[in-house]
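The values are calculated or read from the model by the stated rules, or taken from the named source; none is laboratory data. Remember, predicted model here, so these are calculated numbers, not experimental data. When we count neighbours, we look across all protein chains shown, and the Cβ atoms used for this are built from the backbone with ideal geometry, even at glycine. Only protein heavy atoms, including side chains, enter the accessible area calculation; ligands, DNA and RNA are left aside. Shrake-Rupley method; radii C 1.70, N 1.55, O 1.52, S 1.80 Å.
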Amino acid sequence: MVRLADNASSGLASHLGDDGLRGTSAIVVGAGVGGRCAALTLLRQGWSTTLVDGGDPVAAKAGGMLAPVSEVDHAEPPVVAAGLDSVARWKRLLGDALAGVGSDRGSLLTALRPEWPLLDQLADRVRRAGLGDRLVAVDPDRLRALEPALAGRFVRAWHTRDEGVVDPPAALSALDAAYVAEGGRVVRGWAAEVGAHQVALDGDEHPHLTADLVVDARGLAARDTLALRGVRGEFVEVHTDEVVLGRPVRVLHPRHPLYVVPRGGGRFYVGATEVEREDDAPPTVRSLLELLSVLHAVHPAFAEAEVVRSGVGLRPALPDNAPRIVAQEGLIRVNGLHRHGWLLAPILADAVAGIAAGSAVPTPVLPFVEAA
Amino acid sequence: MDVDTWTIGGRTLSSRLMIGSARYPSPARMADAVSASGAEVITVSLRRESAKDRAGQAFWDLVKGLDCHVLPNTAGCRTVDEVVAIAQMAREVFDTDWIKLELIGDDVTLQPDPVGVVRAAEALLAEGFVVFPYITEDLVVARYLVDAGCDILMPWGAPIGSGQGLAHPDRIRALRDRFPDVRLLVDAGIGAPSHAAAAMELGCDAVLLNTAIARAADPVGMGRAFGEAVRAGRRAFEAGLMAPLPHAEASTPTTDVPFWHRAGA
């Protein structure tokens, strides 16, 4: 396979023919956040689109953070760069519906006193990435204005600009509603084989599906073609009316990037661990202790919150933990979104549509694009 | 460049830097950092739950693919029995007799358990493992381990993950002086290449670290920096460092000033 140089989007188009993969029909395999964004984007660009939905997407278990600045500490520069305008792309994709399923009030990054050096280290990383202007220092007075519930609890914090969050189950429903309302088709089932122009589904009742273009947006199931591994993430959800937060709060933690995300209606999501283990057994006591400790550190009133549910997801990751788009005639693969599915799905969808139409691919996506 | 080799645990190495496999931005970046550092030994933690059904296999395969000697460790173990069980699993998974014995005795400082580590070392040695015991700089614990048959000692520089450097260089020096034939490796607490160089200048045989490279803004650049620092520190030790003096000593003799006329003399 050939990795495209930065200026090679025109080269990609010529590889695929001057008209790209232009046709009229498309099948998108995989109804996670990547597949649903790709399907909706293709539909809006005039493709007659069918989405193959295997159900139970791992994206529903994610934190839903659209937090490229906060991720500087954990993600490679190309992932951060591709996620910088994530909030704006979500606004374009979901329009008014976004307000009902997400918010864009930034994130609050803080630390307990012994971990203050980590706040300075994070700021150093963010400035090195050229994003210093997106990080605003929060003193106790500013904290009182931003998050009254946390006033007096933290002395130092950063507030990130241009970051947001979505509630994944609600956002998946909003994507689904828009897609169906605008004429998209859905087929329930698992793909046994995904190839150029055709998809074979599990079971006898479905014949092969065929189309001008197939988009492989599967998660771990795409390991039949790619060196994907599952990275375990554990989360817990609680309910309390005692604490009100306006935005996700991250308490810098030496091992895991953990957030407390307000989900509305007194619900809070705390996640997620990151363990190099491909095992979807329920969360361990050790992980729950870590997650709940972060919650308690944010506010002691969480001690009385009800634990509503906990869960585990396996993030589909390639060795560089970055997504990959591989394009050939009749087939575009977009896989390996790892912990950045919600952050990157809209720009990856725009890239898929761009390749399909033989038009431009957003520049930040080019590091992820390969021609087969 | 001349390459001097050394041996440890029955294997010949040319690098004296060993690094961890946790907390890199990605396995691909870990591979790049290992390669830039020149390290030939990589340590991997193997937890019981990952060994069950080989749930950690995908990541272990990436580590095995690095072309390094794997040094499995027992991080997270609480008892001697757990240590032995994990060591046995590690032997099977990574096909090596090497084991880094890590048994924590205090949750706040993550200080190693001096009693448990001796018992666990005895049990592991009896099963034929090459034991890399992680300890504080305590001379007496080191003595018990050497008496038990360990020919490798891994004192901490400072608490795990703290990046403070060598908190007690005099104690590391004492270990070096008292156990000249043991392989002495500083593990934990190394935050900067200068810390690694300092350990090597004291005559340590190698250093092991993880966080300082894995969590650097540029792990590959930091891996290279540590590789150079460890080489420089070793060369300095071999070349013979000058002894520090409490006063100035001009390189050029000042023949017109008799030494008994100097200020303060």
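In region A:129-158, which residues are within 14 Å of chain B (Cβ to nearest Cβ) and touching a helix residue (DSSP H, G or I) at 6+ places or on another chain (Cβ under 8 Å)? Those that are within 14 Å of chain B (Cβ to nearest Cβ) and touching a helix residue (DSSP H, G or I) at 6+ places or on another chain (Cβ under 8 Å): A:ALA129, A:LEU131, A:GLY132.
Could you look through region A:155-182, keep only residues that are buried (at least 20 other Cβ atoms within 10 Å of the Cβ) and touching a Pro at 6+ places or on another chain (Cβ under 8 Å), and pick out the one that is farthest from A:PHE235 (Cα to Cα)? Only one residue fits best here, namely A:GLU163. Comparison of B:GLY149, B:GLY105 shows that the only residue that is more than 14 Å from chain A (Cβ to nearest Cβ) and modelled with pLDDT under 90 is B:GLY105.
Note on region B:137-148: residues that are open to solvent by 10 Å² or more (accessible area, probe 1.4 Å) and in contact with a helix residue (DSSP H, G or I) (Cβ under 7 Å, 6 or more places away or on another chain) amount to 6. Looking across region A:52-77, just one residue is assigned to a helix (DSSP H, G or I), within 22 Å of B:ALA212 (Cα to Cα) and open to solvent by 30 Å² or more (accessible area, probe 1.4 Å), and that is A:PRO77.
Yes/no matrix, rows are residues, columns are (1) touching a His at 6+ places or on another chain (Cβ under 7 Å); (2) in a helix (DSSP H, G or I); (3) within 12 Å of chain B (Cβ to nearest Cβ):
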{"position": "A:ALA281", "(1), (2), (3)": "no, no, yes"}
{"position": "A:GLY311", "(1), (2), (3)": "no, no, no"}
{"position": "A:LEU314", "(1), (2), (3)": "no, no, yes"}
{"position": "A:ASP350", "(1), (2), (3)": "no, yes, no"}
{"position": "A:SER359", "(1), (2), (3)": "no, no, no"}
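Among the residues of region B:113-129, those identified as touching a Phe, Trp or Tyr at 6+ places or on another chain (Cβ under 8 Å) and under 15 Å from B:ALA85 (Cα atoms) are B:VAL117, B:PHE129. So which of B:ALA85, B:ALA28, B:ALA36 is out of contact with any strand residue (DSSP E or B) (no Cβ under 8 Å at 6 or more places or on another chain), outside any loop (DSSP other than H, G, I, E, B) and within 11 Å of chain A (Cβ to nearest Cβ)? Sole residue among the options that is out of contact with any strand residue (DSSP E or B) (no Cβ under 8 Å at 6 or more places or on another chain), outside any loop (DSSP other than H, G, I, E, B) and within 11 Å of chain A (Cβ to nearest Cβ): B:ALA28. Taking A:VAL275 and the conditions (1) in contact with a His (Cβ under 7 Å, 6 or more places away or on another chain); (2) modelled with pLDDT under 90, which numbered condition does it fall short on, given that it satisfies the others? Exception for A:VAL275: condition (1). Here B:ALA120 passes the criteria (1) more than 14 Å from chain A (Cβ to nearest Cβ); (2) at pLDDT below 90 except the one numbered (2).
Going through (1) open to solvent by less than 40 Å² (accessible area, probe 1.4 Å); (2) closer than 30 Å to A:LEU318 by Cβ; (3) away from every other protein chain (no Cβ under 14 Å) one by one, B:ASP67 falls short only on (1). Within region B:209-226, residues that are among the small types (Gly, Ala, Ser) have Cβ atoms under 7 Å from residues that are open to solvent by less than 20 Å² (accessible area, probe 1.4 Å) in these pairs: B:ALA212/B:ILE190; B:ALA214/B:GLY20; B:GLY223/B:ALA33; B:GLY223/B:VAL34; B:GLY223/B:SER37; B:GLY223/B:ILE213, counting only partners at least 6 apart in sequence or on another chain.
Within region B:15-25, the only residue that satisfies the criterion of being among the hydrophobic types (A, V, I, L, M, F, W, C), more than 10 Å from chain A (Cβ to nearest Cβ) and within 13 Å of B:VAL63 (Cβ to Cβ) is B:ILE19. Within the set A:LEU93, A:LEU118, the sole residue that is assigned to a helix (DSSP H, G or I) and under 15 Å from the mean Cα position of the chain (by Cα) turns out to be A:LEU93.
Residues that are open to solvent by less than 50 Å² (accessible area, probe 1.4 Å), away from chain A (no Cβ under 14 Å) and either under 25 Å from A:ARG223 (Cβ atoms) or touching a residue at least 24 places away in the same chain (Cβ under 8 Å) (or both): does region B:46-54 have at least one? The answer is no; no qualifying residue exists. Of the numbered criteria (1) free of Cβ contacts under 8 Å to residues at least 24 places away in the same chain; (2) within 18 Å of the chain's Cα centre (by Cα), the one A:ASP350 fails is (1). Close contacts from region A:254-278, counting a first residue that is within 14 Å of another protein chain (Cβ to nearest Cβ) and a second that is open to solvent by 10 Å² or more (accessible area, probe 1.4 Å) and among the aromatic types (Phe, Trp, Tyr), with Cβ to Cβ under 7 Å and a gap of 6+ residues or different chains, come to A:GLU276/B:PHE59. Consider region B:151-171 and keep the residues that are free of Cβ contacts under 8 Å to residues at least 40 places away in the same chain and under 24 Å from B:LEU124 (Cβ atoms). The one that is most open to solvent (accessible area, probe 1.4 Å) is B:ASP151.
Note on region A:192-260: enclosed strands (runs of 3 or more DSSP E) holding 2 or more residues that are over 19 Å from A:ARG324 (Cα atoms) are A:198-201, A:229-239, A:249-251. Among the criteria (1) within 14 Å of chain B (Cβ to nearest Cβ); (2) outside any helix (DSSP H, G or I); (3) in contact with a His (Cβ under 7 Å, 6 or more places away or on another chain), the one A:GLU290 does not fulfil is (2).
Restricting A:ALA349, A:ALA360, A:ALA353 to those that are touching a helix residue (DSSP H, G or I) at 6+ places or on another chain (Cβ under 8 Å) and surrounded by fewer than 21 Cβ atoms within 10 Å (Cβ to Cβ) reduces the list to A:ALA360.
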